[in-house]
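Structure first, then comments.
The values are calculated or read from the model by the stated rules, or taken from the named source; none is laboratory data. Nothing here was measured: the structure is a model prediction, and the numbers come from that model. Using ideal geometry, Cβ is built from the backbone for each residue, glycine included, and neighbour counts are taken over all protein chains shown.
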Amino acid sequence: MAVTAAQQRALPENVVVTQLDALANWCRKNSLWPLPFATACCGIEFMATGASKYDIARFGAEAMRFSPRQADLMIVAGRVAMKMLPVLQRIWQQMHEPKWCISMGACASTGGVFDNYAVVQGIDRFIPVDIYIPGCPPRPEQVIQAVVDLQDKIQREGTIQGSEFDVASRQQKKRALQELPLYGRATFVPPQSPTVPTP
Amino acid sequence: MTNASISALSARIGAVSTTEFRGDTRVIIGKEQLLDAMQLLKDDRGFDLLVDVTCVDYLNYRDAKNRFGLAYLLANTATNERLTVRVLLDEPHLSVPSMVPLWAGANWLEREVFDMFGIRFEGHPDLRRILMPEEFTAFPLRKDYPLQGRGERHNFQRIARAEA
């Protein structure tokens, strides 16, 4: 529906019209709460990223949470042993949606130089990963770039229901949109309270 | 100083073979006499510290006659005397008496040797794996175990984006 000139004049100057998804994405991307899953030297570099010189707070991701229930960005920094992997998966499952994962450094992404029986060869074999950071260990600037890239990704793809994480539900939503009339199901009757007068 | 310890050992359990390298003395002892010899070294010779228990797999090693070589590193903290006690083992008799009754610190050291080499320590109070997961079946520091494992590290459930 096109906005007419008459309607435009009726809106005060401090009103912004946007999409709900875009608003939710904007809120989410600027307040990522990381869970540092730091198992090795990448964790030290990640601490530098959080400290005053590089200051990840400039990008809204400074509230480090060590409880998975309070975090929405898991940063796996360092090699993951096969004894640690069930722990990593458990923590990932305990995080609330929407959630994202950054694989920091060569070891978390590929196993790095530790190609032996005890080390997992890339966490993306076992949990979903959004952004990979190369380096051994990566510079703090790279970590910040990863956070900025993730912000872009959230703004581009995010939905308020989080259905971008779920291919099946995305297709279901597409089907549902085709089936339903524009303003909801035709048989839908809104609940009515007797105390509220109906026109 | 070390000679006195070796002659005391010989007097208790008979002649022992020794080797020396850069001032460190090693004594090779049969596993039947191990507990007796260690008791003597601790009580009479003052070796109050068991520094380490470790093992070497001599599979395909040149001139090696035995498969495994256990090494007990002992120290006397009063006199700084040090002694290495070695026990050579062959399959299928991979068990030695535990040293936990003498040095409580042997507990985790022997668990590590058991975890990595599969050598059993008789009389150990809690002989479980210490480094590898409990469901692990192999002994990874044996030379016939492949460096990249037998697929254990890939044997986990994959969590997809839609599941969690």
Exercise. Taking the stretch A:106-123 on its own, how many of its residues are facing another protein chain (nearest Cβ under 10 Å) and buried (at least 18 other Cβ atoms within 10 Å of the Cβ)?
Worked result: 6
Exercise. If B:Arg153 passes every condition in (1) surrounded by 12 or more Cβ atoms within 10 Å (Cβ to Cβ); (2) out of contact with any Phe, Trp or Tyr (no Cβ under 7 Å at 6 or more places or on another chain) but one, which one does it miss?
Worked result: (2)
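Look at A:Ala61 and say whether it is in contact with a Leu (Cβ under 7 Å, 6 or more places away or on another chain) and buried (at least 19 other Cβ atoms within 10 Å of the Cβ).
Working: in contact with a Leu (Cβ under 7 Å, 6 or more places away or on another chain): yes; buried (at least 19 other Cβ atoms within 10 Å of the Cβ): yes.
Answer is yes for this residue.
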Exercise. What residue, among those in the stretch B:133-162 that are among the hydrophobic types (A, V, I, L, M, F, W, C) and at the interface with another protein chain (Cβ under 7 Å from one of its Cβ atoms), is farthest from B:Glu32 (Cα to Cα)?
Worked result: B:Ala162
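Residue-by-condition table, conditions (1) in contact (Cβ under 8 Å) with a residue 60 or more places away in the chain; (2) assigned to a helix (DSSP H, G or I); (3) under 19 Å from the mean Cα position of the chain (by Cα):
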{"residue": "B:Val87", "(1), (2), (3)": "no, no, yes"}
{"residue": "B:Pro92", "(1), (2), (3)": "no, no, yes"}
{"residue": "B:Leu102", "(1), (2), (3)": "yes, no, yes"}
{"residue": "B:Ala138", "(1), (2), (3)": "no, no, yes"}
{"residue": "B:Asp144", "(1), (2), (3)": "yes, no, yes"}
{"residue": "B:Leu147", "(1), (2), (3)": "no, no, no"}
{"residue": "B:Arg158", "(1), (2), (3)": "no, no, no"}
Exercise. Exactly one of (1) in contact with a strand residue (DSSP E or B) (Cβ under 9 Å, 6 or more places away or on another chain); (2) away from chain A (no Cβ under 14 Å) is unmet by B:Asp63. Its number?
Worked result: (1)
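Does A:Ser103 meet the test of being surrounded by 14 or more Cβ atoms within 10 Å (Cβ to Cβ) and either at pLDDT 90 or above or part of a loop (DSSP other than H, G, I, E, B) (or both)? Spell out the reasoning first.
On the way: surrounded by 14 or more Cβ atoms within 10 Å (Cβ to Cβ): yes; either at pLDDT 90 or above or part of a loop (DSSP other than H, G, I, E, B) (or both): yes.
The answer is yes for A:Ser103.
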Exercise. When the stretch B:1-35 is examined, which residues are found to be in contact (Cβ under 8 Å) with a residue 24 or more places away in the chain and under 28 Å from B:Phe139 (Cβ atoms)?
Worked result: B:Asp24, B:Arg26, B:Val27, B:Ile28, B:Ile29, B:Gly30, B:Lys31, B:Leu34, B:Leu35
